[in-house]
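Trainee: There's a structure below that I have some questions on.
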Amino acid sequence: MDVKTFGEQIIENLEKVIVGKRQSLELVVVGLLCQGHILIEDVPGVGKTMLARGLARSLDCVFNRIQFTPDMLPSDVTGVSIYNQQKNSFEFRPGPIIGQVILADEINRATPKTQAALLEAMEERQVTVDGVTHSMPKPYIVLATQNPIEYEGTFPLPEAQLDRFLLRMRLGYPNINDEMRIMGDQQLQHPLATLTSIASGADVLQMSDAVRRIFISDAVKRYIVELSARTRQSQDVYLGSSPRGSLFLAKAGQARAALHGREYVLPEDIKALAVSVLAHRIIVSAAARLRDLSSDRIIQDIVNATPVPGGSFETTKGKG
């Protein structure tokens, strides 16, 4: 099976649960292929949690859900060591962060101390409890949800936390026909109840390895770095994208190219992903906020203003 076929099968399975949002589902598969974490940010009721649960159902992987609340402690996430009197030693009881597909529901309702418990797990794929390090199984992906509208009882994610997400995406409201179809599909039972796994963790690792081999030319690499550099130079941006943003944009570009059946990355792949990968990594300046400029709009303006490289982007290897 190639990456394009794998991606189409995952998307088709997810479309049984999430109707009319193929572009958003493609972003989810891009994140899966990169084994990168995804922040799903949108208003209540549009299917954020269902999307995360649907992805977990589509994969034969260990799925854990964490419902974040303000009174949650870091040990509730990472796990805790408990003394076993019979064995006369401490035993580690793993927390829900240790799994393969993790749903961090309403992540911004956790306190900063609890949010910090996710940092090591998301970046280094491990957790350290009482001085002992426990590695995560592979593949490992965190899908976090948050409501950007409701601020009461929430704690905004710090920049260090946001920077660990490969991409941020939104679902948005369905159109009239799609919403009517949703009503019909859920009249007797939720489609999630009949959703079956169509891939394993080994399949994900195999596809991820194939994505890393997608060719990316120096011209496209320079284009990515120029986009990141312009976020640091923009008058509307207080803090620009980190080098991690450039690295993640390149990885996401490779995944998108593979999903479209190509063995090389085009500038169009980067343009299509720039807002999702870079917008949550910048801090909008106070002057830009007064003008109602969003981070998405700023990144889109930078993409529009940056010259697209020309020429051939295919590898010369094997073309003869």
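What follows draws every value from the coordinates through simple rules; no lab data is involved. Given the structure is predicted, the values throughout are model-derived calculations rather than measurements. Methodologically, a virtual Cβ is constructed for each residue, glycine included, from the backbone with ideal geometry; neighbour enumeration extends over all protein chains shown.
Trainee: Are any of the pairs K221/K271; K16/K271; K251/K271 more than 23 Å apart by Cα-Cα distance, and if so, which?
Mentor: Checking Cα-Cα distances, K16/K271 exceed 23 Å.
Trainee: While we're looking at this one, here's another question. List the aspartates and glutamates whose alpha-carbon lies under 14 Å from that of K138, not counting same-chain residues fewer than 8 positions away?
Mentor: Partners within reach: D60, E123, E124, D203, D209.
Trainee: How far is the Cα center of the stretch 203-245 from the Cα center of the stretch 54-111, in Å?
Mentor: The stretch 203-245 and the stretch 54-111 have Cα centres spaced 31 Å from each other.
Trainee: So between L119 and E12, what do we pick up on full extension, going 0.36 nm a residue minus the alpha carbon distance?
Mentor: Difference between extended and current length: 35.3 nm.
Trainee: So if each residue of separation counts as 0.36 nm, and I subtract the Cα-Cα distance between K138 and R213, what length gain in nm does that give?
Mentor: 25.1 nm
Trainee: Shifting gears a bit: Restricting to DSSP H runs of at least four residues, report the calculated mean residue ellipticity at 222 nm for the chain, -39500 (n - 2.57) per run over all residues, nearest 500 deg cm²/dmol.
Mentor: My calculation for the chain gives -13500 deg cm²/dmol from helical runs alone.
Trainee: Using bins 5 angstrom wide from zero, how does P(r) for the stretch 9-155 break down, in % of all Cα pairs?
Mentor: The calculated distribution, bin by bin, is 2, 9, 18, 21, 18, 14, 9, 5, 2, 1, 0, 0.
Trainee: Distances longer than 18 Å among the Cα atoms of the stretch 113-165: what percent of all pairs is that?
Mentor: So the pairs more than 18 Å apart make up 40 percent of the total in the stretch 113-165.
Trainee: Compute a Gaussian network model of the chain, connecting alpha carbons closer than 10 Å, and tell me which residue from L103, L157, L167 fluctuates the most.
Mentor: L157
Trainee: What are the extents of the Cα atoms of the stretch 58-125 along their three principal axes, listed from largest to smallest and rounded to whole Å?
Mentor: Computed over the Cα atoms, the extents are 39, 32, 21 Å.
Trainee: Let me ask something else. Round to the nearest 0.05 the FRET efficiency obtained for I176 and S197 when R0 = 30 Å and r is the Cβ-Cβ distance.
Mentor: That gives a FRET efficiency of 0.40.
Trainee: How far apart, in nm, are the 7 Å Cα→Cβ label points at H260 and V308?
Mentor: 0.9 nm
Trainee: Can you give the longest run of the chain that contains no GluC sites (Glu not before Pro) sitting in a DSSP loop with at most 16 other Cβ atoms inside 10 Å?
Mentor: The longest such stretch corresponds to 16-149.
Trainee: Right, next: With all pairs of different alpha carbon atoms counted, what Kirkwood hydrodynamic radius in Å does the stretch 242-320 show?
Mentor: Computed over Cα pairs of the stretch 242-320, the Kirkwood hydrodynamic radius comes out at 14.1 Å.
Trainee: So, one more: What's the extension gain from D2 to S294 if we count 0.36 nm per residue and subtract their Cα-Cα distance?
Mentor: On the way: separation 292, 0.36 × 292 = 105.12 nm, distance 3.76 nm.
Fully extending the segment from D2 to S294 adds 101.4 nm.
Trainee: Of all chymotrypsin sites (Phe, Trp or Tyr not before Pro) in the stretch 115-189, which ones are in loop regions per DSSP and have a Cβ with at most 16 other Cβ atoms within 10 Å?
Mentor: Counting only loop positions with at most 16 other Cβ atoms within 10 Å, the chymotrypsin sites (Phe, Trp or Tyr not before Pro) in the stretch 115-189 are Y151.
Trainee: Counting only C-alpha contacts under 8 Å and six or more residues apart, can you give the relative contact order of the chain as a whole percent?
Mentor: On the way: 545 pairs, mean separation 67.7, N = 320.
It rounds to 21 percent for the chain.
Trainee: Given the convex hull over the Cα atoms of the chain, what projected area results after averaging over all orientations, in nm²?
Mentor: Dividing the Cα hull surface by four gives the mean projection, 20.1 nm².
Trainee: While we're on this one: Can you pull the one-decimal nm distance between simple spin-label points at L162 and Q186, each 7 Å off the Cα toward Cβ?
Mentor: For L162 paired with Q186, the spin-label model returns 3.0 nm.
Trainee: Trypsin sites (Lys or Arg not before Pro) within the stretch 180-284: which are DSSP loop residues with at most 12 other Cβ atoms inside 10 Å?
Mentor: Passing sites in the stretch 180-284 are R213.
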